[in-house]
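As structure tokens, the structure follows; a few thoughts come after it.
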Amino acid sequence: MNLNLVIIVSVAFAIAAYLVSKVNDKAGAFMTVAGSMFALVTVFLLRNSIGSEISFLYFNFNLTVTGWYFSLVMLTAYSMTAFFNPFWMKKLIYPAGYNFLYLLSMAGTLGVFFAKDFITLFVFWETVVWSSAFIIQMGKSRQAAYVYYVISAIGSMATLFAIMFAYGTTGTFVINEAFKGLAGYPGRAIVIFITFIAAGMAKIGIFPFHVWLPSAHGSAPHTFSPVLSGGLVKMGAFVALLSVTAFPAYEIFKDMASFRGIPLPIYFMMALGAISIVAGTLMAIKQEDAKKLLAYSSVANGGYILIGLLMLDQVGFAGGMMHIVNHAVASAAAFLSIAAVAYRTGTTKMSEMGGMIHRMPVTYLVYLIAIISMAGIPPMGGFVSKWLIFQGLADKGLIFLATTAFFGSIGSFLYVFRPLSAVFLGQTFTRDLEKKEVGFFMMFPMLILTLLSLLTGVFPNIFLRVVVEIQSAFGMLPVTLAENTIVTSNGFLDAFRVFIVFGFGFAIAFVLFVIRRKSRKVELMDTFTSAEFIHTRELLHYSHSFYAPFERLYEKAPDTMKLYHKAAVKINELGNMAESAFFGIRPARTVLLVMGMVLIVIIAGGVL
Amino acid sequence: MMINPVLLIAIPLGLAFIAVVFKKLQGWILAIGVAANAFLVFFVEKGETAIGGFKLPFAISLVLDDFSFIGVILVNVLTLAAVAVAFRKTEKYVPVILAGLAGLNGMVLTGDMFNLFVFMEITAISAYILSSEGRKPEQSFNYLVIGSIGSVLYLLGLILIYGQTGTLNMSLMAEKSALIGQAAMVLPLVLIFAGIAVEAKLLPMSGWVRGVLGNSNALTGVMFASVYSSAALMVFGRVFSQVLIPGTTAGVIIIVIALLTFAAGQVSAFRSKSLRQVLLYSSIAQSGLAAALFATGFVFPAVLVIINNAAGKMIMFSTAGNLEEKYGTDDYVGLGGAFVRNMPAGVAFTIAALSLTGLPLVFGFYAKLNVLAAYLNQGTFFVPAVVLAGTIIEGAYFIRILIKLWAPGKEGEWADADQSVGEKKIFNPAGTVVVILVTLLIILSGFLPDSVGKLVAPGGGLLGDEGPSISLTMEKGGDQ
Amino acid sequence: MIKFASLLLIIIGLYGILSTRNVIKILVGINVMEIGINVFIIAMGFVNDGAAPILSVDNPVNVLKFVDPVAQALVLTSIVIGLGITALGLVFARKIHKKYGTYDLSETGGES
């Protein structure tokens, strides 16, 4: 079993899924489950082939540890989400097309992570972009798919420019060699660095490219949002990683101005990541729709990942890599639980839901654990990765970045709590009183993801050992791991012991809960109104305007989307101008242009 | 069995006259003529053939070298495809199409500058007549006026060069013009450029394109945007890469105008609301790009761009023309969901759009890579930046159209097939077959780009281009 | 001298095309332009004191000085092409008249 076969079989599965879906959509959706599970298992087994290279037509692949790590994360997101596919087929306009594109984009991501040269990387990258764009359009917003594609294109074209420019200078496309020769051209190196990382930034959703994320993740079909948020943004993280490793940024820029040991171009990118954390967090707090809220949280978490990876040091980098796993798992789980609720209630607007804990307790649990991880609270995995990133930032003395990172962490608790209380806690709406929990087939992936969250929190070293391999491969000093502890210069973390302590706390609280008197349930409308009739239940809802005082602080914040709108309007105007000036119907204008041209030429020719 | 290249011109011309006489057999005559030409292309004798028994270099000659071979294949095969897709629409125009085919072959094959003028005029007249199908006679008239101005300018420039070099034969003129100083050549060069610019859709002579192509149907749109366009650009390439190589002044003027055409075309396409308008502005932009490449001496990428554009526009214009005919509008907002029950047409249109934007897995990517590599190898990075910016805009407006045509539905609601504009079939069975074939070719050559590269490279090499800058399948491990 | 006169004719013809909106007048302008270019070509080919490039009673053998025959051949072809264009232009003019009832382009549909 080699990589070629995995990709080819995945594409074959895609085509098969399409054909089967034409007959019976649900069966086609089951094929996506089969296809993604197949890919997951085979890539996992490829562990032993790490270090080998393989080619197909003009694509060249290189099985690296990094690629293996990233693709496993991606495939987990794809395969777990695939379990939800069969239940959403009837909502889709092109069920067959969806299944086909689902698996095609998955095959594309495999090609990206294992690419040996930039042509392969770019080909598969773009395949993922357009296949996911065509899936997003099937959801709630066509505008979202359009914005997604355009911003992605801006990033991709910048990266293509960087790749070709590097090719012109160094003469090769091979990822590990293409940029090495740039050390002698500092000016070019900066341009190439900035344009190269652009695609990664656009994909992760870093400010100012973040505008597509909320609408795309928010309006995509419910079964694709987890993949987008948990998986595809990690492709961007991969490019960001390449931009500091394959493009040996720290070496090339070592003679440049730097801030506390970090060269300015890299620091600039990290600052953009910090702004994303703040922007994402603040925007998430405002949201009324659960999926959009989670999408903004992906923006914030993307910032964390970017900062961690760009630090390229012992601790921070490990934190960034670990956060990739944690965020992917937690985000996928959160999106899936919202999708499960949407499956039963038909909506994702938080003001229309409530008290689902009574009807869907397992889903509640999944969501709870996911958000604990996202907020960075032990004993879940998010804590470990954020702890490592904080360590790295603090050790280097990067005050501004560290402050935003802490702010983001606190703020994240605010916004993850809101859907929990809005959707699951509080009083149940009457129409939802009869809703049941989702079936086993949908619960299975959610439970797996929850277990993974726990695993990364309790036994993080399983994953960190792979990260150590990656760090050694890139020549970094790897993070120090002892038996079950992580040792840093500021202290050590034994995650298992933390879990035990938490277990104790939980047990004590549970005992207290059991022996004390229960609270009395009060209906939503059972409230003092001094004989007025209440018509708007939504305003009485527990979570309505939940954070109003805090939101008022930044009500007037500028909207980046407006900037893009203005740019589009300007291009439109430019087009109007061009059309009337150059393509007008009257021959007079064009001929006068020619005469003018000829005159200039005669004069210039005479002068020369 | 090698035949004389003159037959490629003589057969359609002869059949055109026969078609006038035998009106009832017109359909058959057209089919036979176009098919025969497309078939015979592969059996023509290579080299310079003198006509009329005169001796070179005083005779008028037809040249079939590697470069014109590509042109001749393009012209004949594309005409066959265009006629096959829109056969029913050719009814009143059989002699015109055949005569035009003769003119096009002549344009690409000829080795004499005045002969080129004659064939350009024949082609132009057939184009004027074809454009009159659009029921807007003032547009055709406008086309005629601009075309006449262009031909007068061309003649002026040609005579000036004839006065300097004393010959009209292309290869001889190429030798002699290299000996004359650049300053003397600037004016005639610019005039000849203006003449060819009409058909090649370059600024400032492109005022006719909006009216004519904006009102075209499935047949005329394809003919103009694929067939005539490719021929005109191949002629542009021949003249400006081989015969009259522009010096610095003229070269800069031509390149600036070509790039301006590219940029203006892309932004104009972005603001268009009508499907055919978007396509025609995209064609103008691609012509500008190809012209700029030719003027810089990058023949190989230019030919790739021409092939890519011809194949893609063939599919897209026939789809657009048919949509306009079936639904009465080509405002793409009003055509939402037209692809819902029309998978083959939709997929073909999508692949064509992706190829024109230069997305990977299809042929356009190979073309784009070579365009960028040619400039970046040289160290220029302003032009690639412009090309990439144009690509972003092109991708934006094509994706906008694709999203509209595939996924109808109100914002905020799931895409709903019931909101689509209708379920009429876009292509008849024959048309579907042709369109699918072209699509498959685009996809196949996207996976095996070097097979096309090897075909095109000798032509490029002939005109001074060292060949493919990017050799994809031969790159194991990414080395050149 | 004649060269400048013919260039003047071309410019007059061009001015005629640009300054009027009447279809027929535009066609006349096109014709004037074409006459201009044709005369220019002949003038370019002219050699002072050159003989006509035909073997005749006056010149039974090859003469050293003769007017360029290629230019005159070019002109013949150009005249015929001009004829074709004018004919086609008149057909379009008739079509415009049939559709809009006028020969004045400013009263037709306008842009596209």
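Equivalent-ellipsoid semi-axes for the protein assembly as shown (Cα gyration tensor, √(5λ), whole Å, largest first): 65, 32, 26.
For chain A, adding -39500 (n - 2.57) for each run of n ≥ 4 DSSP H residues and dividing by the number of residues yields -22500 deg cm²/dmol at 222 nm.
Here the dipole of chain A is about 1020 debye; that uses its Cα centre as origin and unit charges on the Cβ of Lys and Arg (positive) and Asp and Glu (negative). Counting charges near A:ASP25 (Lys, Arg +1; Asp, Glu -1) among other residues having Cβ under 12 Å from its Cβ returns a value of +4. Between the C-alpha center of segment A:175-221 and that of segment A:29-46 there is a gap of 29 Å. When +1 charges are put on Lys and Arg Cβ atoms and -1 charges on Asp and Glu Cβ atoms, the dipole computed for chain B relative to its Cα centre reaches about 840 debye. Take segment B:6-479, drop everything but the C-alpha atoms, weight them equally and run the Debye formula without solvent; then report log10 I(q)/I(0) at 0.09 Å⁻¹ to two decimals. Values returned for q = 0.09 Å⁻¹ are -0.56. Using the Cα coordinates of chain A, the gyration tensor eigenvalues translate into equivalent-ellipsoid semi-axes of 41, 31, 26 Å, sorted from longest to shortest. Relative to the dominant Cα principal axis of chain B, helix B:429-447 is inclined by about 70°. Annotation: lysines with alpha-carbon distance below 22 angstrom to B:LYS454 (same-chain offsets under eight excluded): B:LYS46, B:LYS368, B:LYS476. Annotation: aspartates and glutamates with alpha-carbon distance below 17 angstrom to C:LYS95 (same-chain offsets under eight excluded): B:GLU133, B:GLU138, C:ASP104, C:GLU107.
Compactness of segment A:365-498 was expressed as the Cα radius of gyration divided by 2.2 N^0.38 Å, which yields 1.29. For chain B, the 222 nm mean residue ellipticity estimated from helices alone, with every DSSP H stretch of n ≥ 4 adding -39500 (n - 2.57) and the total spread over all residues, rounds to -23000 deg cm²/dmol. For chain C, what is the Kirkwood hydrodynamic radius in Å, using each pair of distinct C-alpha atoms? The answer is 16.4 Å. The 3J(HN,Hα) values that the Karplus relation (6.51, -1.76, 1.60; θ = phi - 60°) gives for segment A:495-511 are, in residue order, 5, 5, 5, 4, 4, 4, 4, 4, x, 4, x, 4, 4, 4, 4, 5, 4 Hz. Gly and Pro appear as x.
Largest accessible area first, the listed residues C:SER19, B:SER355 line up as C:SER19, B:SER355 when surface is computed with a 1.4 Å probe on the assembled protein chains. Between the C-alpha center of segment A:347-425 and that of segment A:457-488 there is a gap of 24 Å.
Take every Cα pair under 8 Å whose residues are at least 6 apart in sequence, average their separation, divide by the length of segment B:6-479, and the relative contact order is 15 percent. Among A:ILE389, B:ILE284, B:GLY379, which residue has its Cα furthest toward the positive end of the charge dipole of the protein assembly as shown, with +1 on Lys/Arg Cβ and -1 on Asp/Glu Cβ? Positive-most Cα among the choices belongs to A:ILE389.
Over all Cα atoms in segment A:49-157, the spread is summed up by Rg and Dmax: 15.2, 44 Å.
Helix A:3-23 and the longest principal axis of the C-alpha atoms of chain A enclose an angle of approximately 70°. Computed over chain C, the per-residue total of -39500 (n - 2.57) for DSSP H runs of n ≥ 4 gives a 222 nm mean residue ellipticity of -23000 deg cm²/dmol, rounded to 500. Rounded to the nearest whole Hz, the Karplus-based 3J(HN,Hα) values (6.51 cos²θ - 1.76 cosθ + 1.60, θ = phi - 60°) of segment B:109-115 follow the sequence 7, 5, x, 10, 5, 6, 4, with x at glycine and proline.
3J(HN,Hα) couplings calculated from phi for segment A:63-80 with the Karplus curve 6.51 cos²θ - 1.76 cosθ + 1.60 (θ = phi - 60°) are, in sequence order, 7, 9, 5, 4, x, 5, 4, 4, 5, 5, 4, 4, 5, 4, 4, 5, 6, 5 Hz; Gly and Pro show x.
A:ASP255 sits with roughly 140 Å² accessible to a 1.4 Å probe, with DNA, RNA and ligands left out of the calculation. Roughly speaking, what is the centre-to-centre gap between segment C:46-112 and segment A:231-282 when only Cα atoms are used, to the nearest Å? Centre-to-centre distance over Cα atoms comes out at 69 Å.
Counting only other residues whose beta carbon sits under 9 Å from that of B:LEU356, what net charge do I get with K and R as +1, D and E as -1? Here the charged neighbours net out to 0. Surface calculation, 1.4 Å probe, protein heavy atoms: C:LYS65 sits at approximately 100 Å² accessible. The residues B:ARG88, B:ARG276, sorted by heavy-atom accessible surface at 1.4 Å with ligands and nucleic acids left out, run B:ARG88, B:ARG276 from largest to smallest. Candidate cross-link partners of A:LYS254 among the lysines, defined by an alpha-carbon separation under 22 Å and a same-chain spacing of 8 or more, comprise A:LYS180, A:LYS396.
Under a 5 Å amide H cut-off, with hydrogens placed 1.01 Å from N, B:ALA407 pairs with B:GLY337 among residues at least 5 apart or on other chains.
Close amide H contacts of A:PHE259 (hydrogens built in the peptide plane, cut-off under 5 Å, sequence separation of 5 or more or a different chain): A:LEU264.
Pairwise Cα separations in segment A:259-415 fall into 5 Å bins from 0 onward with the following percentages, short to long: 2, 10, 19, 22, 17, 12, 8, 5, 3, 1, 0. Basic side chains Lys and Arg get +1 at the Cβ, acidic Asp and Glu get -1 at the Cβ, and with that the dipole of segment A:345-461 about its Cα centre reaches some 100 debye. The accessible-area ordering, largest first, of the residues A:LYS22, B:LYS92 stands as B:LYS92, A:LYS22, per a 1.4 angstrom probe.
The values are calculated or read from the model by the stated rules, or taken from the named source; none is laboratory data. Keep in mind the model is a prediction, meaning the values are calculated, not measured. Every residue, glycine as well, gets a Cβ built from its backbone with ideal geometry; the counts of neighbours run over all protein chains shown. To get the accessible areas, we keep the full protein, side chains included, count just its heavy atoms, and leave off ligands, DNA and RNA. Shrake-Rupley method; radii C 1.70, N 1.55, O 1.52, S 1.80 Å.
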